[in-house]
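The values are calculated or read from the model by the stated rules, or taken from the named source; none is laboratory data. Just so you know, these numbers come straight off a predicted model, no measurement behind them. Because the Cβ atoms are built from the backbone with ideal geometry, glycine has one as well, and the counts that use them run over all protein chains shown.
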Amino acid sequence: MNLPNIKRPKNKTMQISRSLKRLIYWELGIPLTLLTIGIYHGLMQTIYRAGVIHQSSFAHLDYYQGLTLHGVINAIVLTSFFAVAFGHATIAFYFKREPHKWVAWLSFWLMTVGTLMAAWAMLSGKASVLYTFYPPLKAHPLFYLGAALLIVGSWVPLFSWANIYVKWKKENPLVKTPLAVVGTLVNFTIWFICTLAVAYEVLVLLLPWAMGWTPTINVTLARTLFWFFGHALVYFWLLPAYTMYYTMLPKLAGGKLFSDLAGRVTLFLFLLFSVPVGVHHQFSDPSIPRGIKMFQGLLTFGVAIPSFITAFTLAASLEYAGKKRGSKSLLGFFKKLPYLDSNKYLFAYLICGLILFIFGGLTGIVNASGQLNAVVHNTAWLPGHFHMTVAGPVFLSIIGMSLYLYSGIAGKKIFLPRINVIIPYLWVIGILIFSTGLSWGGLIGEPRRTNLGMTYLNPKNELFTPEWVPTTMLALCGGIIMTFAALLFFIVFFGTMFSKKTEVGALDLPVSEALHDEKRIPLFDTFKPWLIIMGIIILLAYVPAFYSASKNPGPGAPPFTPENPVPIQPVTKSNIYNQ
Ligand code: HEM
Ligand SMILES: [Cu+2]
């Protein structure tokens, strides 16, 4: 094609094939289109919960159906599609080699077909089981199958990336593996291992039970398998953001990464601590002995080590950047960073995520502590906490990077750049108000996963609880601001997508140099020993947990739907103990 007014790409960028371009467009475009439904339901939840409406459904969509769509789209579909697209981008950019075409497209189609199956089940009201799909709530079999396909599809590319990595390593045995590549490979290794448990839960426990082939299910075992996956899932969400923090944020701030080795240590420690801690979501579950809860609770605090390394390394990197930009005083560097530079909008998205993450981390320490957990368990505190993690650094880095990747590869200018750079700040203000409402409400007993408008927030109902009026109103105000910020983002993203091409598109990622580029230490440039230690800790933490969950499960559970307290199939003496 002849494009006379189009500028040449800058140095160091990479021209990628049409196939990979199209793949990345679709892997960003599909989840961001679905996200409109996810965000709509987020707003609706705050409206129901504040008692603005007192109905079980709105616009033919039930509260729990909406909450399922919200959790599945925002926390599973968006994050998985993005992680794969970002993985393709980092591997192609750093190794200058593209992943196998058919492997990449196979992954895309598995994820897309899986998403469509699950979307059909959720939209037709046959899978209102929330994104954790705990039994004994039962969904349509296609929901479980769809979720399994989405997950399997998302780890297929790991094999192609690992292949490229092994070849590269053979050619460059003494060169440090690029940090962003370590991030991607660590992330997908964790993902591959943890998803084996959820695949077992879906294929061996849930599907036969949902099909009516087995009358009851072992709820504790299903939950234990789920959380083997579920906690590592949060690191699968976070590691792309960490990769951006270490390898891009210092450069965007105008400085250098304080220590390259700190990044490597952090990433490998995540390999050790991401999986064997899932039982901290089951502190209140019977059938799991206290010793295991204690052990996994302690391991959870192990994550504090890489988190603190990250906090200090990033603070030092930002300090260096601020000083290079002319700061003289001790903390003056904070004032010198490019917060509102619309050319460096990715900085704004990343720094805003970091600000929220401070509060997400602090509230997370409360959740991880056994006794404090008992106070906040199943209250609104929990969504208050995780909107400052998954809807904080995770979400902001995903949407910021989606825009960055798309506009770079397509060669298009950002639509409304001045608006774009304020979106993350609006989001931070929204979340801080929203999460204050939820966390405060949680501390005074406001439950999560509850349509409060039907009862507790309905003045005509005998259960009306006036203490929760201010807390749910705060959450509603925050929710409106977040929805407004998201709306602006959709305008910017789709506006960019539908605008004219102005440059030859190329794959370009910001690359931070290291201030302390330590010598290559073989231990921090190889996966094998880490994988072995990872395996040992997982066995120690999980063999006793699975053993107890299988041996002392109590009676098996027949299937239920959310709207009826009576099981779908009658329970008989002969089938209740039949697992
Ligand atoms: C306009 C923005 C948003 C609003 C107003 C919002 C609102 C809410 C509310 C009120 C709940 C709790 C409902 C309940 O427990 O009854 C919730 C749950 C949740 N939200 Fe959001 N949210 C938003 C964005 C996001 C984003 C961007 C993500 C992730 C990327 C996210 C992930 C989740 C998850 C995983 C749950 C838990 C669902 C469950 O308990 O099954 N939310 N959201
Ligand atoms: Cu966890």
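Which condition from (1) within 20 Å of Gly230 (Cβ to Cβ); (2) outside any loop (DSSP other than H, G, I, E, B) is the one that Pro135 breaks? Unmet condition: (2).
When Pro286 is tested against the conditions (1) closer than 28 Å to Glu513 by Cβ; (2) touching a Gly at 6+ places or on another chain (Cβ under 8 Å), the lone failure is (1). Those helices (runs of 4 or more DSSP H) of the range 16-96 in which 2 or more residues are in contact with a His (Cβ under 8 Å, 6 or more places away or on another chain) and more than 14 Å from ligand 1 (Cβ to nearest atom) occupy 18-49.
Got a sec? Which of Thr220, Thr243 is farther than 24 Å from Pro157 by Cα and either within 16 Å of ligand 2 (Cβ to nearest atom) or assigned to a helix (DSSP H, G or I) (or both)?
Thr220
Per the conditions (1) under 21 Å from Leu299 (Cα atoms); (2) charged (D, E, K, R); (3) over 24 Å from the mean Cα position of the chain (by Cα), the sole criterion not satisfied by Arg223 is (3).
Check the range 278-298 and report whether any residue there is of a type in the set (Val, Ile, Thr) and either within 16 Å of ligand 1 (Cβ to nearest atom) or over 23 Å from the mean Cα position of the chain (by Cα) (or both). Yes, some residue in the range 278-298 is of a type in the set (Val, Ile, Thr) and either within 16 Å of ligand 1 (Cβ to nearest atom) or over 23 Å from the mean Cα position of the chain (by Cα) (or both). Scanning the range 19-67 for residues that are over 27 Å from Lys460 (Cα atoms) and polar (S, T, N, Q) gives Ser19, Thr33, Thr36. Restricting attention to the range 428-487 and to residues that are outside any helix (DSSP H, G or I) and among the hydrophobic types (A, V, I, L, M, F, W, C), the residue that is nearest to Ile39 (Cα to Cα) turns out to be Leu457. Within the range 95-121, residues that are within 25 Å of Ala506 (Cα to Cα) have Cβ atoms under 7 Å from residues that are modelled with pLDDT under 95 and not in a helix (DSSP H, G or I) in these pairs: Lys96/Met14; Glu98/Ile16; Glu98/Ser17, counting only partners at least 6 apart in sequence or on another chain.
For Gly322, the conditions (1) within 20 Å of Leu515 (Cβ to Cβ); (2) without any contact (Cβ under 8 Å) to a residue 60 or more places away in the chain are fulfilled apart from (2). Among the residues making up the range 283-302, a single one is within 11 Å of ligand 2 (Cβ to nearest atom) and among the β-branched types (Val, Ile, Thr): Thr300. Could you please find all residues in the range 286-301 being of a type outside the set (Ser, Thr, Tyr) and crowded, with 16+ Cβ neighbours inside 10 Å? Within the range 286-301, Ile288, Ile292, Lys293, Phe295, Gln296, Gly297, Leu299 qualify. Screening Gly263, Gly230 for residues that are surrounded by fewer than 21 Cβ atoms within 10 Å (Cβ to Cβ) and either in a loop (DSSP other than H, G, I, E, B) or not hydroxyl-bearing (Ser, Thr, Tyr) (or both) leaves exactly one candidate, Gly230. Restricting attention to the range 59-89, the residues being surrounded by fewer than 24 Cβ atoms within 10 Å (Cβ to Cβ), over 18 Å from the mean Cα position of the chain (by Cα) and within 27 Å of Gly392 (Cβ to Cβ) number 3. With respect to the stated conditions, Ser307 fails to be touching a strand residue (DSSP E or B) at 6+ places or on another chain (Cβ under 7 Å) and not in a loop (DSSP other than H, G, I, E, B). Filtering the range 527-575 to residues that are surrounded by fewer than 18 Cβ atoms within 10 Å (Cβ to Cβ), of a type in the set (Gly, Ala, Ser) and at pLDDT 80 or above leaves Gly535, Ser550, Gly554. More than 15 Å from ligand 1 (Cβ to nearest atom) and modelled with pLDDT of 95 or more: is that true of Leu432 in this structure? No, not satisfied. Taking the numbered list (1) under 22 Å from the mean Cα position of the chain (by Cα); (2) under 29 Å from Gln282 (Cα atoms) in turn, Val204 passes all entries but (1).
Within the range 275-282, is even one residue surrounded by fewer than 17 Cβ atoms within 10 Å (Cβ to Cβ) and either under 26 Å from Tyr246 (Cβ atoms) or within 16 Å of ligand 2 (Cβ to nearest atom) (or both)?
Within the range 275-282 (the criterion being surrounded by fewer than 17 Cβ atoms within 10 Å (Cβ to Cβ) and either under 26 Å from Tyr246 (Cβ atoms) or within 16 Å of ligand 2 (Cβ to nearest atom) (or both)), the answer is no, since none of the residues qualifies.
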